[in-house]
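In what follows, a structure is listed as structure tokens, so that the remarks can point back to it.
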Amino acid sequence: MLGVWLLLWGSVALGGRADTAFLHRAHDSSGHCTYSFTVASPIEAACPEDAGGVPELRAELAALAARLSRLESRERGVGGSGPRGAEPGGARDPQQVASTARLEAAYGELLRAKSRLEEEKGRLEREKEELGRRLESSAQEITRLRAARCPPGREGPGRDTLPSAHAVPDPAAAPRWEPQPLAYQELQSERTEVPVSRLLEETALGRPGKEDSAGCGQLVWVGEPVVFGRADSIAGKYGVWMKDPEPVPPFTRDNTWRVDTVGTEVRQLFQYEEAEQLARGYPAKVHILPRPLESTGAVIYRGGLFFQPRHSRSVARYDLRGETITAEREIPGAGYHGQYPYSWGGYTDIDLAVDETGLWVIYSTEKARGAIVLSKLDPETLEIRRTWETNIRKRGVANSFLICGTLYTVSSYSAPNATVNFAYDTATGTSRALSIPFENRFRYLSMLDYNPAERQLFAWDSFNMVTYPVRLSRA
């Protein structure tokens with residue numbers, strides 16, 4: 001009701017008819033609410049005798065009454081603060097109440113979402129500031145390290161110049177500790193157990209390259225294996241590959257030979273012009289042997305392939321030029337076909353070898369009770385020139401080879417860190433224990449021979465054809 005009064009007051013004032021209007025409300029005789037307005041005349045100090053005869057005042061009062069009636073009707077229609085809507089117990093539209101509640105709930109959810117977004121914005125801004133500080137710190141650290149590694153006056157980190165011996169450093173400008181220039185490496189102290197053979201190599205024998213490269217000596221070191229080729233089928237799981245240390249024309253030391261020894265009828269001898277051709281897997285020629293060979297004990301020497309024919313205790317020579325067997329001889333009492341093999345098996349009862357002194361055969365007999373027996377052979381007739389019986393059990397070692405008339409054995413065919421564990425000197429007829437490191441990189445060593453011309457060990461290790469560099473002591 002107060003709002004209606006103020007509106008009417010303002011309307012009267014703006015109309016320019018009076019400065020102040022007064023509203024009076026009272027019940028008439030019939031019980032209706034009656035509103036009365038009192039307006040002071042701006043131009044008349046007193047009322048004329050017949051006020052009702054003034055047309056202008058009468059018309060203005062009628063207009064005010066009509067406006068008041070319209071305002072009351074509007075207040076009743078919207079249930080506002082009019083005379084009836086303001087009464088205690090006045091009813092409101094239920095749909096309007098429900099709509100208002102939904103709007104208020106939606107407005108509240110929007111306020112909460114706004115609050116969450118503001119919190120997330122604040123968190124992201126804090127993370128951005130932290131990341132900026134870290135980046136700035138990293139950039140400063142990089143700048144500091146660059147300045148320390150490349151001090152002013154040097155051409156670059158790779159320059160091998162040293163500071164002047166007479167230069168006086170500035171204690172105030174220099175940091176307490178600086179990294180060394182890139183031309184140097186940081187060294188670390190490390191304790192390592194070194195075999196006696198390596199100590200001999202570094203002391204009595206000198207540095208690598210100082211060993212006796214012309215004459216004979218004792219084995220003191222075996223290097224890491226170098227892979228030359230790999231068999232591409234199961235027939236090459238184990239085999240033998242070799243070069244002739246004393247070739248005859250038309251063959252040379254570059255010619256390489258290979259036999260895959262898996263199977264019952266092993267007759268193919270692959271000829272390669274050089275080791276690189278072996279790596280590519282394309283032989284220049286394939287020899288078909290008149291008789292199948294057994295195991296991995298074959299060698300190439302002076303133009304012939306020396307091998308053990310299958311299911312025999314004999315040794316045969318196959319001439320590479322004439323492609324025929326030119327000699328064959330039985331090794332008296334030699335075990336064969338699994339009687340006295342190496343520890344890995346493979347029917348390695350009879351093993352042929354070559355060193356600086358000639359052709360050898362390694363085997364065992366019933367008389368020797370499984371110990372290794374050595375015999376020196378004539379390469380043309382295969383006659384036995386001399387025989388030695390050792391105290392090294394053949395089944396107790398993985399393989400063997402000869403260097404300068406001394407037999408060497410390997411402890412294991414599968415252990416990655418094996419050793420050359422025994423040596424038997426045919427010049428003195430004595431044996432001794434060794435501990436020269438030997439690596440079985442592929443864990444299945446099935447063939448091992450020495451090539452005196454190249455001073456390397458040739459080996460077959462689980463499909464892989466590898467070589468080992470060796471070093472000998474001075475005689």
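Data overview
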{"item": "From the options 75, 60, 56, 87, residue that is surrounded by fewer than 10 Cβ atoms within 10 Å (Cβ to Cβ), assigned to a helix (DSSP H, G or I), modelled with pLDDT under 85 and over 60 Å from the mean Cα position of the chain (by Cα)", "result": "56"}
{"item": "Near pairs, Cβ below 7 angstrom, 6+ apart or cross-chain, from segment 109-124 (open to solvent by 80 Å² or more (accessible area, probe 1.4 Å)) to any residue that is not small (Gly, Ala, Ser)", "result": "none"}
{"item": "Flag for residue 352 being crowded, with 20+ Cβ neighbours inside 10 Å and closer than 18 Å to residue 243 by Cα", "result": "yes"}
{"item": "Failed criterion for residue 383 (all others in (1) under 52 Å from the mean Cα position of the chain (by Cα); (2) charged (D, E, K, R); (3) surrounded by fewer than 20 Cβ atoms within 10 Å (Cβ to Cβ) hold)", "result": "(1)"}
{"item": "Count - residues of segment 318-361 that are under 23 Å from residue 263 (Cα atoms) and part of a loop (DSSP other than H, G, I, E, B)", "result": "18"}
{"item": "All positions within segment 437-475 that are surrounded by fewer than 22 Cβ atoms within 10 Å (Cβ to Cβ), touching a helix residue (DSSP H, G or I) at 6+ places or on another chain (Cβ under 9 Å) and of a type in the set (Phe, Trp, Tyr)", "result": "463"}
{"item": "So residue 330, is it of a type in the set (Asp, Glu) and surrounded by fewer than 23 Cβ atoms within 10 Å (Cβ to Cβ)", "result": "yes"}
{"item": "Criterion violated by residue 315 - all others in (1) hydrophobic (A, V, I, L, M, F, W, C); (2) more than 47 Å from the chain's Cα centre (by Cα); (3) not in a strand (DSSP E or B) satisfied", "result": "(3)"}
{"item": "Which listed residue is within 18 Å of residue 463 (Cα to Cα), among the hydrophobic types (A, V, I, L, M, F, W, C) and part of a strand (DSSP E or B), from 227, 220, 262", "result": "227"}
{"item": "Tabulated pairs, segment 237-255, first aliphatic (A, V, I, L, M), second in a loop (DSSP other than H, G, I, E, B), C-beta under 7 angstrom, 6+ apart or interchain", "result": "240/261; 240/296; 240/298; 248/302; 248/303"}
{"item": "Qualifying residue in segment 301-311 (condition: without any contact (Cβ under 8 Å) to a residue 24 or more places away in the chain, among the small types (Gly, Ala, Ser) and in a strand (DSSP E or B))", "result": "no"}
{"item": "Residue in segment 418-436 that is open to solvent by 30 Å² or more (accessible area, probe 1.4 Å), closer than 28 Å to residue 258 by Cα and of a type in the set (A, V, I, L, M) present", "result": "no"}
{"item": "Test: residue 371 is at negative phi, surrounded by fewer than 22 Cβ atoms within 10 Å (Cβ to Cβ) and of a type outside the set (D, E, K, R)", "result": "yes"}
{"item": "Which numbered condition residue 466 misses (of (1) within 30 Å of the chain's Cα centre (by Cα); (2) more than 13 Å from residue 226 (Cβ to Cβ); (3) of a type in the set (A, V, I, L, M))", "result": "(2)"}
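The values are calculated or read from the model by the stated rules, or taken from the named source; none is laboratory data. None of these values were measured; they are calculated from a predicted model. Reconstructed Cβ throughout: ideal geometry from the backbone, glycine too, with neighbour counts over all protein chains shown. Surface areas here come from the heavy atoms of the whole protein model, side chains and all, with no ligands, DNA or RNA. Shrake-Rupley method; radii C 1.70, N 1.55, O 1.52, S 1.80 Å.
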